[in-house]
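The values are calculated or read from the model by the stated rules, or taken from the named source; none is laboratory data. Just so it is clear, the model here is predicted, and its values are computed rather than measured. Please note: Cβ atoms are built from the backbone with ideal geometry, for glycine as well, and neighbour counts cover all protein chains shown. Protein only, heavy atoms only, side chains kept; ligands, DNA and RNA dropped before computing areas. Shrake-Rupley method; radii C 1.70, N 1.55, O 1.52, S 1.80 Å.
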Amino acid sequence: MATVAAVIASTHHPFYYRASTSTGADRPPFADEWVEKIERFRETLTRARPDVLLMVGSDHFHQLWLDNMPQFLVGKAPFYDANFYNEEREFGLPRMTLHGQEDLSAHVLRDGIDAGFDLAFSNELRIDHSITCPIITLRPKADLPIVPVYTNIFAPPMPRPERFVELGRTLRRLVESWPSDLRVAIVGTGHLSLELGGPRQFGPHGPDPDFDRKAVEWIATGDVEGCLREVTLDSLHAPGNATHGFMDFMLMMGAAGDGVAADHVDSLDLFHTMEAYFTWYPKSSEGAPA
């Protein structure tokens, strides 16, 4: 059976690529610190020696719209084009072509449906920065096949946080039951407190530092129960109007395991957001990283 080589969760700020590649007067003052943190974070994936990346993200109304919005969607294409024009224009993100792992996609779909998730699928999915940004930060060679899983964090009615956690647990089980000798890293990206287009968008830090501190603690310690006691669809409006992306972090907590502390934890207070990075190494029967 396949091995879960790592479970990795992070934010996916689309400005990182431009900040990290700019020079001279165009280079932001925070770029060097950000790059140092990303390089340490990248090494956590390199250490895991993955063969495949199962990528969890959310379409930012690029391809999915209110006329047809799946709650959870799995890509099953042989390759995926990325990014979209506005991401190239605003953030300088490069166009990319990513190879798919169709066998794992088929397994996740068939067994995921049998496990109680009515998963949608797409044979022509185009990928946006929620998946390309973690590839740029974690695997800039973009040389590993992917299975993209998109979640609905934008368009009500959305699944409740409990459903995201359960999907994370299910994805972990599905990878571990895949009849393959490949090593799979489950990588997901979301938000902490986030405001888009509202009065708190461009503050000196994320719109709700108290929420961010609690969120980092929940994720770092694997406190799924504590998180679920406080986080609801209604409560996520208060920290910022786009904070429902935190449910993708909760999905990754489900994949990592209840009560399992992260092996790598880092964050960066970046003018209008708190960037955060977490890695778990599932343990073998001997207690060593798998």
remark   = Relative contact order of segment 111-215 (C-alpha contacts under 8 Å, at least 6 apart) in percent is 23 percent
Formal net charge of residues neighbouring GLU166 (Cβ-Cβ distance under 12 Å; K, R +1; D, E -1) = +3
inquiry  = Nearest 5 percent is fine: what portion of the DSSP beta bridges confined to segment 1-145 is antiparallel?
reply    = 55 percent
query = With the contact rule set at Cα under 8 Å and sequence spacing of 6 or more, what percent relative contact order holds for segment 212-290?
reply = 29 percent
remark   = Per the rule of 0.36 nm per residue minus the C-alpha distance, extending GLU217 to ARG40 adds in nm 61.7 nm
Once exposed loop trypsin sites (Lys or Arg not before Pro) are cut out (DSSP; at most 14 other Cβ, 10 Å), longest piece of the chain = 142-290
query = Percent relative contact order of segment 76-167, based on C-alpha pairs within less than 8 angstrom and at least six residues apart?
reply = 34 percent
task = State whether segment 231-281 is rounded, prolate or oblate according to the following rule on the C-alpha gyration tensor (a ≥ b ≥ c being the square roots of its eigenvalues): a/c under 1.5 gives rounded; otherwise a/b larger than b/c gives prolate, and the remaining case gives oblate.
result = oblate
query = What are the GluC sites (Glu not before Pro) within segment 47-124 that DSSP puts in a loop, where the Cβ has at most 10 other Cβ atoms within 10 Å?
reply = GLU124
note = Across 10 Å bins beginning at 0, the whole-percent shares of Cα-Cα pair distances in segment 137-290 come to 10, 38, 35, 14, 2, 0
query = Given a 1.4 Å probe and every protein chain left where it sits, what share in percent of the accessible area of segment 129-201 is carbon and sulfur?
reply = 55 percent
FRET efficiency, 1/(1 + (r/R0)^6) with R0 41 Å, evaluated for ASP26 and GLU225 via beta carbons = 0.35
task = Over segment 177-250, give the accessible area per residue in Å² for a 1.4 Å probe, as an integer.
result = 41 Å²
request  = Specify which labelled value, from (i) 50; (ii) 42; (iii) 61, agrees with percent of Cα pairs over 25 Å apart derived from the coordinates of the model shown.
outcome  = (ii)
ask   = DSSP loop chymotrypsin sites (Phe, Trp or Tyr not before Pro) in segment 228-284 with at most 16 other Cβ atoms within 10 Å of their Cβ, which ones?
value = PHE271
task = Determine the percent antiparallel among the DSSP beta bridges restricted to the chain, to the nearest 5.
result = 45 percent
task = Compute the accessible area per residue over segment 57-153, keeping the other protein chains in place, probe 1.4 Å, unit Å².
result = 44 Å²
query = Given the options PRO28, PRO50, PRO209, which has the most mean-square fluctuation in a GNM of the chain, springs set between C-alpha atoms less than 10 angstrom apart?
reply = PRO28
